[in-house]
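Working notes for the structure below.
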Amino acid sequence: MQFDDVILGRRSIRGYKPDPVPQKLIEEIIALAMRAPSSMNTQPWNFTVVTGEPLDRIRAGNTERMIAGIPQSREFRTGQPFAGQHRDRQVGVAKQLFAAMGIARDDAAMRQDWVLRGFRQFDAPVCVIITYDRVLDGSDDTPFDCGAVATALVNAAWSRGLGAVINSQGIMQSPVVREHAGIADDQIIMKSIALGWPDDSFPANAVVSERKSVAEAARFVGFGDQA
């Protein structure tokens, strides 16, 4: 694929085929992703790639604990609930997804099932858990750099025919993730990425989230009358 094709064509994939993804292909994708820039070349990221039975145990543990009402224990700051235009965008993409899946506003059971899919990493055959070294905790550069490598990873996956979605629900219960993925205490769990072959029959996979315009997002200073 050309670069523009990857950027403009990529979308978040929430429905996957059960087919396994070869480890060599994942290694190739991670190698590409690690060309992402990082602050002073610190490269703070590490990856734990999980599949099979260990991933099933993470899915089950996440789901059971959330249904039981155990408070989430993500290891990164989530800040205040979204409000204003940010909340509008959050609601907007939810409406797109629910419309695609035929989930009615008053269908509590279907909405609950959709939420639980997130805790199961959307039943993808692979989960990539991004962590960073605990000695770097407190630096805003570090999670910024992990965001850069996550973006590079999902784009690299798309260029190889794989789908992905950056996912926080899959690591809501960090003790479960640590136990079954064997993540060391010197690592902080940042994000998870569901990864696999897209199921083209899954309606939500056709959803393309809206983007604000360049005019809304960017200011140009010192350009004068340049067009």
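Is it the case that region 107-120 has a residue that's in contact (Cβ under 8 Å) with a residue 60 or more places away in the chain and surrounded by fewer than 12 Cβ atoms within 10 Å (Cβ to Cβ)? Even if it seems obvious, please write down each step before you answer.
Here is the first cut: in region 107-120, the residues in contact (Cβ under 8 Å) with a residue 60 or more places away in the chain are 117, 119-120.
Now drop any that are not surrounded by fewer than 12 Cβ atoms within 10 Å (Cβ to Cβ), which leaves none.
No, because not a single residue in region 107-120 is in contact (Cβ under 8 Å) with a residue 60 or more places away in the chain and surrounded by fewer than 12 Cβ atoms within 10 Å (Cβ to Cβ).
How about region 169-184: which of its residues are among the aliphatic types (A, V, I, L, M) and either without any contact (Cβ under 8 Å) to a residue 12 or more places away in the chain or not in a loop (DSSP other than H, G, I, E, B) (or both)? First the steps, then the outcome.
Here is the first cut: in region 169-184, the residues among the aliphatic types (A, V, I, L, M) are 171-172, 176-177, 181, 183-184.
Listed by number, the residues that qualify are I171, V176, V177, A181, A184.
Could you list, in sequence order, the residues of region 152-182 that are over 18 Å from L116 (Cβ atoms) and hydrophobic (A, V, I, L, M, F, W, C)? Correct list: A152, L153, V154, A156, A157, W158, L162, A164, I166, A181. R211 satisfies every condition listed in (1) at pLDDT 95 or above; (2) surrounded by fewer than 20 Cβ atoms within 10 Å (Cβ to Cβ); (3) closer than 27 Å to Q96 by Cα except (1). Of the residues I189, I193, I171, the single one that is among the hydrophobic types (A, V, I, L, M, F, W, C), touching an Asp or Glu at 6+ places or on another chain (Cβ under 6 Å), closer than 16 Å to G147 by Cα and open to solvent by less than 10 Å² (accessible area, probe 1.4 Å) is I189. Which residues, counting only those in region 11-61, are surrounded by fewer than 19 Cβ atoms within 10 Å (Cβ to Cβ), of a type outside the set (A, V, I, L, M) and assigned to a loop (DSSP other than H, G, I, E, B)? Within region 11-61, R11, K17, P18, D19, P20, P22, R35, P37, S38, T42, Q43 meet the criteria.
Considering region 194-227 alone, what residues qualify as being part of a loop (DSSP other than H, G, I, E, B), among the small types (G, A, S) and touching a helix residue (DSSP H, G or I) at 6+ places or on another chain (Cβ under 9 Å)?
Listed by number, the list holds a single entry, S209.
When F144 is tested against (1) modelled with pLDDT of 95 or more; (2) surrounded by 15 or more Cβ atoms within 10 Å (Cβ to Cβ), just one condition goes unmet, and that condition is (2).
Of the listed requirements (1) touching a Lys or Arg at 6+ places or on another chain (Cβ under 8 Å); (2) touching a residue at least 60 places away in the same chain (Cβ under 8 Å), F98 misses just one: (2).
Sort out which residues of region 74-98 are in a loop (DSSP other than H, G, I, E, B) and either surrounded by 15 or more Cβ atoms within 10 Å (Cβ to Cβ) or touching an Asp or Glu at 6+ places or on another chain (Cβ under 9 Å) (or both), and write them in order of number. Result: R74, E75, F76, F82.
Within region 147-168, the only residue that satisfies the criterion of being β-branched (V, I, T), under 18 Å from R59 (Cβ atoms) and either assigned to a loop (DSSP other than H, G, I, E, B) or open to solvent by less than 30 Å² (accessible area, probe 1.4 Å) (or both) is V165. Taking the condition of a type outside the set (G, A, S) and either at pLDDT 95 or above or more than 19 Å from the chain's Cα centre (by Cα) (or both), does Q72 pass? In short, no. Within region 1-10, restricting attention to residues that are open to solvent by 100 Å² or more (accessible area, probe 1.4 Å) and of a type in the set (A, V, I, L, M), the residue that is modelled with the highest pLDDT is L8.
The values are calculated or read from the model by the stated rules, or taken from the named source; none is laboratory data. Just so we're clear, the structure is a prediction, and the values are computed from it rather than from any experiment. Cβ atoms come from the backbone with ideal geometry, glycine included; neighbour counts cover every protein chain shown. Protein only, heavy atoms only, side chains kept; ligands, DNA and RNA dropped before computing areas. Shrake-Rupley method; radii C 1.70, N 1.55, O 1.52, S 1.80 Å.
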